[in-house]
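Undergrad: Submitted below is the structure of interest, expressed as structure tokens.
The values are calculated or read from the model by the stated rules, or taken from the named source; none is laboratory data. For clarity, every value in this text was computed on a predicted model and none was experimentally measured. For neighbour counting, all protein chains shown are included, and Cβ atoms are generated from backbone atoms with ideal geometry for every residue, glycine included.
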Amino acid sequence: MADKVAVVTGSNKGIGYATVRELCKRGVGSVYLTARNIQKGQEAIKNLKKEGFNPLFHQLDVTDKDSVKVFADFLKRKHSGLDILINNAGVITSNFTETTYEDSVRVLNTNYYGEVTMQNYMFPILNDNARVINISSDSGHISNLKNTYWINRLTKEDIKVEDINAFVDWFLDSVKNGTLNEEDFEEMPLLAYIISKIALCALTRVQQKEVGRGISVNSLNPGYVKTDMTNNTGYLTMEEASDAPVYLALDVDQSVKGKFFWFDKTEKEWADPNQKLFIPYADMERQLNLI
Ligand SMILES: NC(=O)c1ccc[n+]([C@@H]2O[C@H](COP(=O)([O-])OP(=O)(O)OC[C@H]3O[C@@H](n4cnc5c(N)ncnc54)[C@H](OP(=O)(O)O)[C@@H]3O)[C@@H](O)[C@H]2O)c1
């Protein structure tokens, strides 16, 4: 454990921060807390040091290719490779019930294209048998979609990244042209976020097929968690929510590959549209109304 190198994206706060703390607690040798904002990242490091943990820090903005490349080059030089990559950085729609083009582009750029950039620069430096955990959501389950063309295209065995890019383009074009059709989706609130997390789950399956060298890539719904993203509503604390990513990073058998996990560490069938696994927005709205 002491010789392992782990990176958690977007870990200056929230689930990422709690995951860094837990990885340190479990004795992982080099745990990188990363943040797009250096000051926020260093503040988070200071707080963990006060608790007796010793994470390392590096700047990382997943939407900035230069930032990702600089960090990948640094990791290669310093450690020669990476054992654990937790792609946690994410944003939610600015307005939960309205879908605008600019905001949808922002969400897709971070939650989907940011992961593609991370793949491009970080996968080449992954050590053999490394583990990648993509933090998705219940919003990422295929049952959020009703459009059968896209359900079939995204769940086919020989899916390629081009299929996912076409799905994202279809969504963004529909928002831009005002042709979004409510019949295509279970629910309209948080739609850009839903599309981004479905795309991330589909990407996980493509990544697993292509990566080789014993590396595992799994996606995870961390649960409905009290963080800034949810205005501190939710059923889990960020400490409770760090349990499942750490389980996938350190404990699950290495043979578990390309799967979709739930926060209680059970595996769910991502490609089955009949399993209605998402939390209805009305539940979240009730929680938001309580505060
Ligand atoms: N909370 C939930 O109920 C819930 C449920 C399902 C899934 N998730 C997923 O869990 C992950 C963590 O969410 P959270 O609830 O912990 O949210 P959070 O408290 O808002 O934290 C999000 C983190 O991502 C960082 N981030 C945003 N854009 C970034 C970028 N371009 N590059 C690098 N870092 C970036 C943020 O940095 P700044 O501080 O600079 O903004 C922050 O550190 C997300 O992927 C989210 O979609 C959360």
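Undergrad: When you go through (1) in contact with a Pro (Cβ under 8 Å, 6 or more places away or on another chain); (2) surrounded by fewer than 16 Cβ atoms within 10 Å (Cβ to Cβ) one by one for ARG77, which number turns out not to apply?
TA: (1) is the only condition that ARG77 fails.
Undergrad: Would the stretch 116-139 turn up any residue that is closer than 18 Å to ALA271 by Cα and assigned to a helix (DSSP H, G or I)?
TA: Yes, there is a match, as at least one residue in the stretch 116-139 is closer than 18 Å to ALA271 by Cα and assigned to a helix (DSSP H, G or I).
Undergrad: To continue, here is another question. Enumerate the pairs (first residue in the stretch 1-20 and under 18 Å from LYS226 (Cβ atoms); second residue anywhere and charged (D, E, K, R) and within 11 Å of the ligand (Cβ to nearest atom)) with beta-carbon separation below 8 Å, excluding pairs fewer than 6 apart on the same chain, so at least 6 apart or on different chains.
TA: GLY10/ARG36; ASN12/LYS40; ASN12/GLU43; LYS13/LYS40; LYS13/ASP228; GLY14/ASP228
Undergrad: Next question. Of the conditions (1) in a helix (DSSP H, G or I); (2) touching a strand residue (DSSP E or B) at 6+ places or on another chain (Cβ under 7 Å), SER143 fails just one. Which one is it?
TA: If we test SER143 against (1) in a helix (DSSP H, G or I); (2) touching a strand residue (DSSP E or B) at 6+ places or on another chain (Cβ under 7 Å), just (2) comes out false.
Undergrad: What number goes with the only condition from (1) touching a residue at least 60 places away in the same chain (Cβ under 8 Å); (2) aliphatic (A, V, I, L, M); (3) closer than 30 Å to VAL246 by Cβ that MET188 does not pass?
TA: (3)
Undergrad: For the stretch 1-16, give me each residue that is assigned to a strand (DSSP E or B) and touching a Ser or Thr at 6+ places or on another chain (Cβ under 6 Å).
TA: Within the stretch 1-16, the subset assigned to a strand (DSSP E or B) is 5-8.
Within the stretch 1-16, VAL5, VAL8 qualify.
Undergrad: Could you run through the stretch 86-107 and say how many residues are within 18 Å of ASN127 (Cα to Cα) and assigned to a helix (DSSP H, G or I)?
TA: Step one: list which residues in the stretch 86-107 are within 18 Å of ASN127 (Cα to Cα), which gives 86-87.
Cutting the leftovers down to assigned to a helix (DSSP H, G or I) gives us none.
Of the residues in the stretch 86-107, 0 are within 18 Å of ASN127 (Cα to Cα) and assigned to a helix (DSSP H, G or I).
Undergrad: Separate question: Within the stretch 17-65, how many residues turn out to be assigned to a helix (DSSP H, G or I), more than 11 Å from the ligand (Cβ to nearest atom) and closer than 19 Å to ALA249 by Cα?
TA: Kept after step one, since they are assigned to a helix (DSSP H, G or I), are these residues of the stretch 17-65: 17-25, 38-50, 65.
Right, trim to more than 11 Å from the ligand (Cβ to nearest atom) and you get 21-25, 42, 45-50, 65.
This time we only want the ones that are closer than 19 Å to ALA249 by Cα, so: 21-25.
Of the residues in that region, 5 qualify.
Undergrad: Continuing with this model, one more query. Of all the residues that make up the stretch 195-242, how many are crowded, with 18+ Cβ neighbours inside 10 Å and more than 11 Å from the ligand (Cβ to nearest atom)?
TA: Looking only at that region, the number is 16.
Undergrad: Also: Among the residues of the stretch 173-194, which ones are part of a helix (DSSP H, G or I) and either within 16 Å of the ligand (Cβ to nearest atom) or modelled with pLDDT under 95 (or both)? First the steps, then the outcome.
TA: Let us first name the residues in the stretch 173-194 that are part of a helix (DSSP H, G or I), namely 173-177, 182-184, 191-194.
Result: LEU191, ALA192, TYR193, ILE194.
Undergrad: Pick out the one residue from ASP83, ASP73 that is away from the ligand (no atom under 15 Å from the Cβ) and assigned to a strand (DSSP E or B).
TA: Checking each option against the conditions leaves just ASP83.
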